[in-house]
Amino acid sequence: AVRGAVAGLMAEVLEGHLREHVAAEDISAEQRRDEVEEVVAILRTYLR
């Protein structure tokens, strides 16, 4: 049950981060790359 709750929370956090930072139209390509790297690092940590 706890794993399901954590997975749901992680999905919400990642969705919010992606929508606000990575998908934002007013950021540079460099900022977008940095944000993507942040998401990848989070996913790698979570999926271990």
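Only the coordinates and a few stated rules stand behind these numbers; no lab work does. Keep in mind that this is a model prediction, so the values were computed, not measured.
Can you tell me the 0 to 90 degree angle between the C-alpha axis of helix 2-17 and the longest principal axis of the chain, rounded to 10? Orientation of helix 2-17: about 10 degrees from the principal axis. Relative to the compact-globule estimate of 2.2 N^0.38 Å, the Cα radius of gyration of the stretch 2-47 comes out at 1.26. Around the amide H of Ile27, modelled in the peptide plane, lies no amide H under 5 Å away from a residue 5 or more places distant or on another chain.
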